[in-house]
Structures are given as structure tokens and as C-alpha cells.
1. Quick one: in the range 120-148, of everything that is touching a residue at least 12 places away in the same chain (Cβ under 8 Å) and over 18 Å from E102 (Cα atoms), which residue is surrounded by the fewest Cβ atoms within 10 Å (Cβ to Cβ)?
2. Enumerate the helices (runs of 4 or more DSSP H) found wholly within the range 58-171, keeping only those where 2 or more residues are over 29 Å from V45 (Cα atoms) and under 26 Å from the mean Cα position of the chain (by Cα).
3. Report yes if some residue within the range 408-416 is touching a Ser or Thr at 6+ places or on another chain (Cβ under 9 Å), charged (D, E, K, R), farther than 30 Å from E291 by Cβ and in a loop (DSSP other than H, G, I, E, B); otherwise report no.
4. Being within 29 Å of the chain's Cα centre (by Cα) and either of a type in the set (V, I, T) or surrounded by 17 or more Cβ atoms within 10 Å (Cβ to Cβ) (or both) is the filter here; which residues of the range 219-243 pass it?
5. Which of (1) under 23 Å from G475 (Cβ atoms); (2) among the charged types (D, E, K, R); (3) in contact with a helix residue (DSSP H, G or I) (Cβ under 7 Å, 6 or more places away or on another chain) does E392 not meet, given it meets every other one?
6. Hey, any hits in the range 249-266 for a residue that's part of a strand (DSSP E or B), of a type in the set (V, I, T) and under 12 Å from L173 (Cα atoms)?
7. Quick check: is even one residue across the range 286-293 part of a loop (DSSP other than H, G, I, E, B), surrounded by fewer than 17 Cβ atoms within 10 Å (Cβ to Cβ) and among the small types (G, A, S)?
8. Test D466 against the stated conditions and say whether it is under 14 Å from M353 (Cβ atoms), charged (D, E, K, R) and under 41 Å from the mean Cα position of the chain (by Cα).
Amino acid sequence: MTRDKADLFEEDIRSLPAAPENAAPPEDLEDLALGDDYALNPAYVDMVIDAADRGDAERLRELVAALRSEDVADLMGFLTADYREEIIPCLDSETLAEVLSELDDNLREEVLDTVHPTALAKALEELDSDDAADVVDDLEGEKRAQVLAAMDETDRAAVEASLAYDDETAGRLMQREVLAAPQFWTVGQTIDHVRSAGDELPELFFDIYIVDPAYRPIGAAPISQLLRAKRATTLAEIMEPVTEITVDMDQEEVAYIFDKYHLISAPVIDAGGRLVGQITVDDIVGVIQEESEEDILALAGVSDAGRDAGVWDVARSRLPWLVVNTLTAALAASVIGAFQAEIGKLLTLAILMPVVASLGGNAGTQTLAVAVRALASRELNASNTVRIVLREMTVGLVNGGVLAAIMGVATYIFFRDPMLCLTIALALVINLFVASLAGILVPLALDRLERDPAVSSSVFVTFVTDFTGFLSFLGLAALILL
């Protein structure tokens, strides 16, 4: 801004009418709603509940209107079903659509049951085809038919086309709205087309895909590059290579490609190589978060029952692997039964035995977490498997040696028995070595068998470390001490 323009700008600002001296500052509901960490303040949630309890629809609408759609979706998770029903009428079609696309799956199904099919159809028309299809997929048969029938014909066709693809594939993830142009178009022609197309364009796009006469993508012109180029420049002169995504590609594979090549968007092609849609980075962020949450929960042997889940739902989601764990724990405990006589002769074995198993379990879990992450991020494959396995074996021996020295000294301080120190030291070296080996080999074996390593690895690794810990310590005690 030049000096003259800056002076004129300041004069315009000074000419604005001043606020009355005694005027009360307006209530900034957005500041009240969110904390410094952008999480909803509990006090704000209480304000919403209080307005609902009082039946103050105007105040409730004011409180909800101060929030962005993402925050409204977050608010829904803190409310009971009755309060959520009172929030829905406060939302216009556009906001309702955005809230539905942001809600957790279990909450969304419940909210969808309370929205009239016609209102829901109107809201879905505000969304991109991928988000609309995601919402429609949660509808039951009869209501789905009613909603689709009430939608605009073009929007309905786009949603039905998306639903035709398998879940968690690029076809389901993509939005069908895409901006494409032939390579002989000039920058000026393209910009004029973008300005004139208006609502027909995708709501969010980063690239203009350059296509051949068969509508196959041959390149892309980033918007940033387009705006820098002269109007007479052809798209062929500024286009860049593209990374194509096939419609049947798994969404986890798509996320890996976006991460590896630092993509903001990518064209999606059908079996014939024709452009059928695009995937943008905002969709991939959701996929990465979803896949990460699944892996974290799977490592613990649980599933996400949701914030509103009942006791039985939560218990049922956690029980199966606990049953399996009970069986493996019984097998590990059978080792203790085989050494009852030795434990009866030297009670200190019962005191120290859990230490060996516990340290081995922790070491195995550490290796397992690293291995599952490496497999998920493609950092561990056939080309480096042997080197990684040897590294983990060595780490197990080193950590076992260090812990053996520490526990050996501690055992001598408490029990004054050098042979007992030797026994627990050797058992720790053995168990940590086996734990590190199991932590890397179990997920590798499951991956080779085309099973998700995150789902069941922890149960098997825990069994191996418990079994080995008890067997090595009690077996060595029988040979050395008794």
C-alpha cells in the first residue's frame, strides 16, 4: 500500500462513527464457547443445556449459531439424545449438512433418524458428492429411498454413483465434482470459464486437470501457477505431471500416496483411465485419523463403542480378546504349575517371578508398537526385514543385559543370595531377547498371512513373554538353586 493510499485508508477509518461511551461490549459467544485449545468449554455446554431446559429456543439458536459446524458436531457428542433433538431445528440446511458430515458415525445414525427425509434431502444437496454419499450410506433402506427420491436428479445420480463403489475405496472417498480443461486452452480462457461456471464448480479445488479427447488426465495446472501465468499462455505450457488414483484403490493406500508425494489433490480414474473425480487433502486427513484410531484401538484389542454407548455395548466390544487372553494366560500359568515343588522350597521365586514376566511383556509391547507402525507406513518390507529383525534381537540382548545388572544388584541387596541374582539376571536376558524377537516376528507373520497385525499381535506377544518369563526363571532356578 502506497503512502497516499495509506493516508486515505486512515482517514476513512477515522470517519467511522464512534461507539457510545457507555455502550456495553457485545457478548462474544465464540470466545466463550472455545478454550485456548479450541475445545468446547464445559461452561458453554452447560449454557446450551440450560437454554434447552428453559425452552428458550431463541437463546438456544443464538448459542448454536455462534459455533462453526465442526464445533456444533463436537457439541452434539456432549449432549444426550433429547438435547440433540432440540438442537436440530436450530440449524439451517447448509449448517445441518456440514454437521452431519462431521458427526461420529454412531451419533450420525441417531441424528438422521430425527430429521425429516425432505429436510435431509435439501441438506445433502449442499454437500459435495463424497460427503453426501457418506451420510446416505448410514440411512436404512426405506428412509434412504425417501431421501434419494426427494433430492435433485443430478445430486441423486452423483450420490448413487458414489455408493456403487466399495466402502473405504477411492471411489467412495472421491468427489465427482471436478474441473477439467483441454491442453490447448489458454490461461485466460480457463480463468473466464472458472468465473462463469459458478455453482457448477467443486466447492474446493486446487488443480485444474488437463485431459485428452478421451477425457484421460495428462497433467494438472495448479491454481497458484495458473494465476501467475499470462493470459495467452496455454495450459500445456504450465501443466505438471499428476499421480493418478484408481477408483478401486484402498483408502489406506491413497493416504500413503498422498503422504509420500505430498499431494494436495489427485485425479481419480476408472478402469479405462478416464477422469471420474478427485480426492483432496481434507478427505485424506480424515482417513489418516480414522486409520490411526483403528490401529491404536486394535493394538489394545478393543473397538470404538462411542461416547453414548451403554455398558453392554462397551463390554461386548472388549470381551472377545479378553477371552482369548484368558486362554493364553492359562497356558502361561501352566508353567507355574509344573514348578510347584520348586516354588514351595524357595518362596522368593514367587516374589521375583512376576518381575521377569512383566519386564518381558513391556519390552515386547515396545517392539510390537514400532513394528506395526513400520508396517503401516511401508517402512518395513522384504528388502530390510532381516536387518530390522537382527537389530531388534540385538536391542533385546542389550536391554536384557542392562536390566539383568540392575535386578541382580537389587536382588542381592534384598536377599543376599548370589545364585538367586545369577538366576534372575539370566532369565531377564533370555526373556527380553525372546520378547524383542516375538515383538517383530509376530506382526510380520500376520502381515504375511494378510491379517491386520494391529488386531491380534498383542495377545500373542504377551503370551510368548509370559510363557518364556515363567519358564526361563523357574527352569533356571530348578537347575541353579535347587
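The values are calculated or read from the model by the stated rules, or taken from the named source; none is laboratory data. None of these values were measured; they are calculated from a predicted model. Cβ atoms come from the backbone with ideal geometry, glycine included; neighbour counts cover every protein chain shown.
1. Applying the first criterion (touching a residue at least 12 places away in the same chain (Cβ under 8 Å)) to the range 120-148 yields 120-139, 143, 146-148.
Next cut, over 18 Å from E102 (Cα atoms) only: 143, 146-148.
Numbers: K143: 17, Q146: 15, V147: 26, L148: 19.
By that ranking, first place goes to Q146.
2. Helices (runs of 4 or more DSSP H) meeting the threshold: 129-136, 153-163.
3. no
4. Once the filter is applied, which keeps residues that are within 29 Å of the chain's Cα centre (by Cα) and either of a type in the set (V, I, T) or surrounded by 17 or more Cβ atoms within 10 Å (Cβ to Cβ) (or both), the range 219-243 yields A220, I223, V242, T243.
5. Result: E392 fails condition (1) only.
6. no
7. Quick first cut of the range 286-293, residues part of a loop (DSSP other than H, G, I, E, B) only: none.
No, there is no match, as no residue in the range 286-293 is part of a loop (DSSP other than H, G, I, E, B), surrounded by fewer than 17 Cβ atoms within 10 Å (Cβ to Cβ) and among the small types (G, A, S).
8. When the stated conditions are applied, D466 passes them.
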